Amino acid sequence: MTAGKAAGRPADPIARDAPAAPPTGRRRTLQLEERAVRPRGSVWSFARRSPIGAVSALTLLAALAAALIGPWLGGDPLATDPLAVFASPSAEYPMGGDYLGRSVLDRLLAGLRVSLALAVVAALLSAVIGAFLGLVAGYAGGGVDEAVGRLTDVLFAFPTLLLALLVAMVLGPGITGIIVTIVASTIPIFARVARGPTLSVRGTEYAIAARVGGASPARVLFRHVLPNITTPLLIQLAFTLSGALIAESGLSFLGLGVQPPRPSLGSLLNDGRTYMELAPWTMLAPALTLAAAILAINLLGDELQALIDPRLRRR
Amino acid sequence: MFRYVAQRAMTAALTIFGVATVVFVMMRLVPGGIIEALSGPASLQSPELVERLEEKYGLDKPLIVQYGLWLGNALRGDFGESLGTRSSVTTELIRRGGVTLELTILATLVSLLVGVPAGVFAALRRFSPTDGAIRIGALVFLSIPEFVLGTLLIYVVSTQGLGLPVSGYVAAGDDLGGHVRSMLLPVLSLGLVIAAVVMRVTRSSVVEVLGEPYVVTARAKGLAARSVTWRHVMRTALIPTVTIVAINTGYLLSGAVIVERLFSLPGLGRYALEGILGRDYPIAQATVIVGAATFVLANLAADLFYAYLDPRITY
């Protein structure tokens, strides 16, 4: 009932909304004290407290940098070289050549860019729409809340891939279909994440004071409620990002997404697996890149959540 | 209890009905129109075919009548015939359903056989290095999408000369040994990802139960550690594990599409994909409806099973 299910991954309640084992009484007190004296975290203190999180963040930054500036530094991902067909990795082709003699490195960088861009756009779009729906539903209550609740229930009832098949049936395979699928399947999560806290903030004294003072609903929502829910939304965004990356590459892998000759991590993997015995690098490059990126996002999300939710902390 | 069952069954029926309605609407949005969608380019040569279709689906009647006829056909399990092969979609659904059913059941078994012992082991030794290793392993498997895992498995098996088939399907009736070998890699690709989820759920649930007062009591009155673990802890702790299996049906269905394509298994998932990519709409609509119905029914089963297992839940 969480990020996983909707975004093409197995439903895994542990990392998302359910806290792990509640610590014993003594441990909990210790934690509260530690939390009380802990100064506000900086990037540096996060890195010291969570080396895994820091490594993940660096991996992600490297992937983003490679996706942003890589295609400028490298060559044309579509240029073919008859002499480089299935070429082993060399100085000229650091990751070898593919079945048309295209540079695997250049295609990987271009594919990474396409995949990350699609995932980021879809996740952000979903976060904005979903959070807006959740805010409005939580704040307005009544019929609006009910309507949004039904809508998210229906969207939740569709497994991601079935939704993707349905969308592909009407729109045909392509990038638009991928974005529609990812957004539609992840909106309900953001709506739920936003709705709960909105309900509780609405009843707080400062929110009531703002309302009594004549603030418009929009002002109360954006000035008083939104700042209170940015943290859960950001964590959810991290998990949605990895889910979107999996969904995009999975759909492109099936031929429902990014169409050749345009590269994406999924279509590269699909190309590469056909020739994996002749030229394993064409398959290994996108496979390992994809796994590393998703693992980094998940680890970072877990670490951030553990940092914020004291029930998940160990020491 | 009866009221609860009836209520949940009602909701499930309504959801399936909703999905069927969405598919009906989608079929009428398909580019080229409904006649071409149901008959393909063949309709251009054969006025009789068009006439037959118009009669069967009442295409000359008002939309609401068409909707009724369509629902009636779907309820009787009549999904028309494939545009490509002119074979009955229903016959094909039953034949291929067996392959998918076997794949998903075996994958679930693998996930339980690997995930439950690992989770229990990690929980009993929590915060030890073994626990850490198991948890990191689970996160890694959770982060590798099944199509990447499957591709890597194929690569390892084919380069190491392990003698396992990496593609194709052998029917159990033809050659039982060959059948088992042909299913091994697909089942592992699908099962290991879910094993990671099962492990995480089992671990956190066991850890939680270990802290319960009645477990402390059992220990305090001098019962052997093993007896406490198996007779007091496991009985309660495995409830969430059972339900997570059912909750992941949606993921299994999505995963089956990908794994069947990767390993060329003639299951429902590949049938759906053939239908979508080949613009064979009768296949596409039938597989989407069957998939959604399976998902809804599995979730219903999970809810009821949970209510049955946990005596604290009353309705």
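The values are calculated or read from the model by the stated rules, or taken from the named source; none is laboratory data. The model shown is predicted, which means the values in this text are computed figures rather than measured ones. For neighbour counting, all protein chains shown are included, and Cβ atoms are generated from backbone atoms with ideal geometry for every residue, glycine included. For accessibility, only protein heavy atoms count, side chains too; no ligands or nucleic acids. Shrake-Rupley method; radii C 1.70, N 1.55, O 1.52, S 1.80 Å.
Just one of B:Leu252, B:Leu273 is at negative phi and more than 8 Å from chain A (Cβ to nearest Cβ); which is it? So that I can check it myself, show each step before the final result.
On the way: B:Leu273 fails: more than 8 Å from chain A (Cβ to nearest Cβ).
From the options B:Leu252, B:Leu273, the qualifying one is B:Leu252.
Just one of the numbered conditions (1) in contact (Cβ under 8 Å) with a residue 24 or more places away in the chain; (2) closer than 25 Å to A:Glu248 by Cα; (3) open to solvent by less than 60 Å² (accessible area, probe 1.4 Å) is not true of A:Val148: (2).
Could you say which residue among B:Arg231, B:Arg261, B:Arg203, B:Arg181 is assigned to a helix (DSSP H, G or I) and over 24 Å from the mean Cα position of the chain (by Cα)? Checking each option against the conditions leaves just B:Arg231.
Restricting attention to segment B:145-172, the residues being more than 7 Å from chain A (Cβ to nearest Cβ) and assigned to a loop (DSSP other than H, G, I, E, B) number 13.
Per-residue answers, yes or no, for (1) more than 14 Å from every other protein chain (Cβ to nearest Cβ); (2) among the polar types (S, T, N, Q); (3) within 16 Å of the chain's Cα centre (by Cα):
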| position | (1), (2), (3) |
| --- | --- |
| A:Gly203 | yes, no, no |
| A:Ala210 | yes, no, no |
| A:Ser242 | no, yes, yes |
| A:Leu251 | no, no, yes |
| A:Pro263 | yes, no, no |
| A:Pro286 | no, no, no |
| A:Thr289 | no, yes, yes |
| A:Leu299 | no, no, yes |
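Checking each residue in segment B:247-258 for being more than 12 Å from A:Leu165 (Cα to Cα), in a helix (DSSP H, G or I) and not hydrophobic (A, V, I, L, M, F, W, C) picks out B:Thr249, B:Gly250, B:Tyr251, B:Gly255.
Run down A:Ala119, A:Ala123, A:Ala127, A:Ala67 and say which single residue is at pLDDT below 85, within 30 Å of A:Gly177 (Cβ to Cβ) and under 20 Å from the mean Cα position of the chain (by Cα). Steps first, please.
Details: A:Ala119 fails: at pLDDT below 85; A:Ala123 fails: at pLDDT below 85; A:Ala127 fails: at pLDDT below 85.
One residue alone meets the criteria, A:Ala67.
For the residues B:Val228, B:Val242, B:Val233, B:Val259, the requirement of being more than 10 Å from chain A (Cβ to nearest Cβ) and modelled with pLDDT of 90 or more singles out B:Val259.
Can you pull out every residue in segment B:60-82 that is open to solvent by 30 Å² or more (accessible area, probe 1.4 Å) and over 25 Å from the mean Cα position of the chain (by Cα)? Spell out the reasoning first.
Our first condition is that a residue be open to solvent by 30 Å² or more (accessible area, probe 1.4 Å); within segment B:60-82, this holds for B:60-65, B:67-69, B:71, B:75-76, B:78, B:81.
The answer is B:Asp60, B:Lys61, B:Pro62, B:Leu63, B:Ile64, B:Val65, B:Tyr67, B:Gly68, B:Leu69.
Of all residues in segment B:4-23, those satisfying the criterion of being among the hydroxyl-bearing types (Ser, Thr, Tyr) and within 13 Å of chain A (Cβ to nearest Cβ) are B:Thr11, B:Thr15, B:Thr21. Only residues that are more than 8 Å from every other protein chain (Cβ to nearest Cβ) and on the phi > 0 side of the Ramachandran plot were counted across segment A:141-185, and they come to 3. Taking the conditions exactly as written (open to solvent by 40 Å² or more (accessible area, probe 1.4 Å), in contact with a Phe, Trp or Tyr (Cβ under 9 Å, 6 or more places away or on another chain) and within 13 Å of another protein chain (Cβ to nearest Cβ)), does B:Ser88 satisfy them or not? No.
Tell me, please, whether a residue that is outside any helix (DSSP H, G or I), open to solvent by less than 40 Å² (accessible area, probe 1.4 Å), at pLDDT 80 or above and touching a Leu at 6+ places or on another chain (Cβ under 9 Å) can be found in segment A:296-304.
Restricting attention to segment A:296-304, the residues satisfying the condition of being outside any helix (DSSP H, G or I) are none.
No: segment A:296-304 contains no residue that is outside any helix (DSSP H, G or I), open to solvent by less than 40 Å² (accessible area, probe 1.4 Å), at pLDDT 80 or above and touching a Leu at 6+ places or on another chain (Cβ under 9 Å).
Evaluate the following for A:Leu278: is it surrounded by fewer than 19 Cβ atoms within 10 Å (Cβ to Cβ) and within 12 Å of chain B (Cβ to nearest Cβ)? For A:Leu278, the condition - surrounded by fewer than 19 Cβ atoms within 10 Å (Cβ to Cβ) and within 12 Å of chain B (Cβ to nearest Cβ) - is met.
The residue pairs whose first member lies in segment A:256-272 and is surrounded by 24 or more Cβ atoms within 10 Å (Cβ to Cβ), whose second member is part of a loop (DSSP other than H, G, I, E, B) and polar (S, T, N, Q), and whose beta carbons are closer than 8 Å, counting only pairs six or more residues apart or on different chains, are A:Gly257/A:Ser264; A:Val258/A:Ser264; A:Ser267/A:Gln259.
In the condition set (1) of a type in the set (Gly, Ala, Ser); (2) buried (at least 18 other Cβ atoms within 10 Å of the Cβ); (3) within 13 Å of chain A (Cβ to nearest Cβ), B:Ser128 is compliant with all but (2).
Need the failing condition index for B:Ala302 against (1) at pLDDT below 80; (2) open to solvent by 10 Å² or more (accessible area, probe 1.4 Å), just the number. For B:Ala302, the failing item is (2).
Against the test of being outside any helix (DSSP H, G or I), touching a helix residue (DSSP H, G or I) at 6+ places or on another chain (Cβ under 8 Å) and not polar (S, T, N, Q), the options A:Gly257, A:Gly250 yield a single qualifying residue, A:Gly257. If you go through segment A:89-109 one residue at a time, do you hit one that is within 14 Å of chain B (Cβ to nearest Cβ), charged (D, E, K, R), assigned to a helix (DSSP H, G or I) and open to solvent by 20 Å² or more (accessible area, probe 1.4 Å)? No, segment A:89-109 contains no residue that is within 14 Å of chain B (Cβ to nearest Cβ), charged (D, E, K, R), assigned to a helix (DSSP H, G or I) and open to solvent by 20 Å² or more (accessible area, probe 1.4 Å).
Selection within segment A:78-113: residues that are touching a residue at least 24 places away in the same chain (Cβ under 8 Å) and more than 18 Å from A:Leu284 (Cα to Cα). The member of this set that is nearest to the chain's Cα centre (by Cα) is A:Leu78.
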